Each structure stands twice: as C-alpha cells, then as structure tokens.
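**Q** The structure that follows is given in the form of structure tokens.
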Amino acid sequence: MLTGPAGHKSAWPGRWPPGRRTRRAGARAVVTRERRRTLAAVAHSDDLLPPEPEPEPELLPAIPASAGALIFDRAGRLLILKPTYKSGWTIPGGVMEADGETPWEACQREVREECGLEVRTGRLACVDFRRPRPGRPGGMRFLFDCGALRDASLGAVVLQAEEISEHRLVPLAVALDMLRGPVRRRVKAAAGAKAVVYLEEGRPVPGVGP
C-alpha cells in the first residue's frame, strides 16, 4: 500500500481511492464506476492508461435548401413550368444536392435538367425561410433572377419529361395567378426588387429591409 494525499493509504499511486474526488490538472473529477473497472484492468497489465472518452458532439440542425430561377424573355414574360408530381405551376428549381453544392450551382443544374437551358449569370433576389411542420421539412429557399434570355434559347427548351409536362412564357401578372402559393409570394416579392429580399413563409419580416 502507498500513502496518498493527506496520508490516506491507497493502491492508486498519487490518486484518491476509487469513487472519491481527485485533483487532476487542477480540476476536480469523479471516478465513475465504469472508469474504476478500466483502472483496475490497467493496474494488472503493462498497457498505458486509455484516454478518457470524447464527449459526443452536439447535433447541428439539418435544414433542407432549394434554389429557383426567374427566367424572362425579351418581352418580360416569365418562364413557368407544370410539374407532373404536384398540382399547379412553378418555376425552374429544386433541392440542393448534399455533396456541397451551392445555391447558385443548384439553380444552374435544376434549370439545365428541367428545361435544357444554360444560365450563366444571375442575381440573388430572395431568401425565404420556411419553418418545419408535420409532413413538411421546411428549409431555406434561394431565388435567383437570371434576367432575359434570347428568343432562340427559349425556343429550344427541352423539358425533363418525367418531372415537367408543360412550359409557358406568360406576363408576370398572369404568372402570379397561376403559380402555387409559396412560390407566388416569393416571385411577387422578388420581381423588380433592387436588392435581396428576405422573407419568412413567403412574407416580409417587420424590421428587416433590403
């Protein structure tokens, strides 16, 4: 037996007995039952003391994100699409890939996949946050204004048949009547805006301006 702090006899050199508090690197720690078993096993071997288990990292919130595109012709008409998997009309766009794809890259890819168009320039027009609800994951919605494309490009639209059944170029006022609610609110807020618009649930937030 060895003499520990304050004259206490212990089989644990320089430490308090198991279950008692001990000073380690100037901090107090409690030797847990599991730790005592580990120490006992090590005491009968020549192995080094295993490291303390790392604390579990805190979970970060998982927030889905998607990106959409405002694409016009030279007459100011908006390109809208009719999806096969839901009712109503929408604009080109979709969910960002989970491989590090950026919102702008997602916008370009979705436009290419859904209607065969290449957009090389754009301006972030709107960011919309939707709260998660039962049956709806919510998330962030990025909307880019990609400006007016040439008539030749818009005349060569190739739809992704399994997802898009029809496309139209219609005046903005008509498009707003045809688009689904959440998309309609984003398009209405972003169309013609000179700066990025921030929305929550498709609506402006009091006190938050461009």
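The values are calculated or read from the model by the stated rules, or taken from the named source; none is laboratory data. No experiment lies behind these values; they were computed from the predicted model shown. Neighbour counts are summed over all protein chains in view; Cβ atoms, including those assigned to glycine, are modelled from backbone coordinates with ideal geometry.
Condition check ((1) within 20 Å of ALA148 (Cβ to Cβ); (2) surrounded by 13 or more Cβ atoms within 10 Å (Cβ to Cβ); (3) of a type in the set (Asp, Glu)) across all residues:
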position: ILE71; (1), (2), (3): yes, yes, no
position: LYS86; (1), (2), (3): no, no, no
position: THR90; (1), (2), (3): yes, yes, no
position: GLY94; (1), (2), (3): no, yes, no
position: CYS107; (1), (2), (3): yes, yes, no
position: GLU110; (1), (2), (3): yes, yes, yes
position: LEU117; (1), (2), (3): yes, yes, no
position: ARG120; (1), (2), (3): yes, no, no
position: ALA125; (1), (2), (3): yes, yes, no
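**Q** Scan the range 104-113 and tell me whether some residue there is more than 17 Å from ALA190 (Cβ to Cβ) and part of a loop (DSSP other than H, G, I, E, B).
**A** No: zero hits.
For (1) within 21 Å of the chain's Cα centre (by Cα); (2) surrounded by fewer than 13 Cβ atoms within 10 Å (Cβ to Cβ), each residue gets a yes or a no:
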{"position": "ARG141", "(1), (2)": "yes, no"}
{"position": "ASP151", "(1), (2)": "no, yes"}
{"position": "LEU172", "(1), (2)": "no, no"}
{"position": "ALA195", "(1), (2)": "no, yes"}
{"position": "VAL208", "(1), (2)": "no, yes"}
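Here's the yes/no breakdown for (1) touching a residue at least 60 places away in the same chain (Cβ under 8 Å); (2) assigned by TED's automatic domain parsing to the domain that holds VAL157; (3) over 21 Å from the mean Cα position of the chain (by Cα):
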residue	(1), (2), (3)
ALA69	yes, yes, no
ARG74	yes, yes, yes
ILE80	yes, yes, yes
TYR85	yes, yes, yes
GLY88	yes, yes, yes
GLU97	no, yes, no
GLU101	no, yes, no
GLN108	no, yes, no
ARG112	no, yes, yes
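**Q** From the list GLU97, GLU114, exactly one residue is charged (D, E, K, R) and more than 28 Å from ASP177 (Cβ to Cβ). Which is it?
**A** Within the list GLU97, GLU114, the selection yields GLU97.
**Q** I would also like to ask the following. I need a count of the residues in the range 65-95 that are closer than 20 Å to ALA161 by Cα and not in a strand (DSSP E or B).
**A** 7
**Q** If I ask for residues that are closer than 19 Å to PRO210 by Cα and in contact with a Pro (Cβ under 8 Å, 6 or more places away or on another chain), which ones from the range 145-192 would you list?
**A** The one that is closer than 19 Å to PRO210 by Cα and in contact with a Pro (Cβ under 8 Å, 6 or more places away or on another chain): ALA189.
**Q** Among GLY139, GLY88, GLY192, which is the only one that is in contact with a strand residue (DSSP E or B) (Cβ under 6 Å, 6 or more places away or on another chain) and at positive phi?
**A** GLY139
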